[in-house]
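Student: First, the structure itself, so that you have it in front of you.
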Amino acid sequence: LSTALTAFLAVGMATPALSAEICGIEATASRAGMTVQAGKLSAQCIEKGKCSITLSSVDNVGIALERASVSGSWLALVKSTSSIDSGAGFDLVFDGEDETRIAPDFLIAAEDMKSVRVDDDVSDIVLTTMLQSKTMSATVQLIGGRKVVHEIPLGDLATATKWVDCAQAK
């Protein structure tokens, strides 16, 4: 990631929206790093190597996957401008099948409760299930009881994760 991204960013600093093909997908450079669109999903890598895939954003509640390095684990993460009720857990439904609950024991909340991540082991299971599924419905409850439901198409997730694998390996 370092040599290709550094050169890409150096040129990108002079031009607001420079595009080039990186790892087989058209990438756009910015001061923060580079971003690609993989179908309905976007992936971003920053210069230090951390990458993320934005899965959904509804009512100021975003769901993403993040990974610090190519050898690191993917982490499922929910961020909100409002406080998230991590004590309610998260409800997931894959391909319209039975509901899967991520219990509060497996959630790690930031002090301000505006960011909650799923622990490493459960994140691995969630990602594996996502890659085997076509759709995922995710319900996140905010403090005060309001529930935000995300309907996420997963058809482009394999493309996005492969791009991140390639970009982080450079």
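Student: Taking the stretch 149-170 as the region of interest, how many residues are aliphatic (A, V, I, L, M), farther than 26 Å from Asp59 by Cβ and open to solvent by 10 Å² or more (accessible area, probe 1.4 Å)?
Tutor: Final tally of qualifying residues: 2.
Student: Would you be able to tell me the number of residues in the stretch 60-107 that are surrounded by fewer than 17 Cβ atoms within 10 Å (Cβ to Cβ) and touching an Asp or Glu at 6+ places or on another chain (Cβ under 6 Å)?
Tutor: 4
Student: Out of (1) modelled with pLDDT under 95; (2) under 18 Å from Ala167 (Cβ atoms), what's the single condition that is false for Lys40?
Tutor: (2)
Student: Please pick out the residue among Leu77, Leu92 that is within 26 Å of Ile46 (Cβ to Cβ) and of a type outside the set (S, T, N, Q).
Tutor: Of the residues listed, the single one that is within 26 Å of Ile46 (Cβ to Cβ) and of a type outside the set (S, T, N, Q) is Leu77.
Student: Could you pull out the residue among Gly72, Gly62 that is within 24 Å of Ile125 (Cβ to Cβ) and without any contact (Cβ under 8 Å) to a residue 12 or more places away in the chain?
Tutor: Step by step, each of Gly72, Gly62 is checked, and only Gly72 is within 24 Å of Ile125 (Cβ to Cβ) and without any contact (Cβ under 8 Å) to a residue 12 or more places away in the chain.
The values are calculated or read from the model by the stated rules, or taken from the named source; none is laboratory data. Worth saying up front: this structure is predicted, and the values here are computed from it rather than measured. Heads up, the Cβs are rebuilt from the backbone with ideal geometry, glycines too, and the neighbour counts pull from every protein chain shown. We work out accessible area using only protein heavy atoms, side chains counted, and drop any ligands, DNA or RNA first. Shrake-Rupley method; radii C 1.70, N 1.55, O 1.52, S 1.80 Å.
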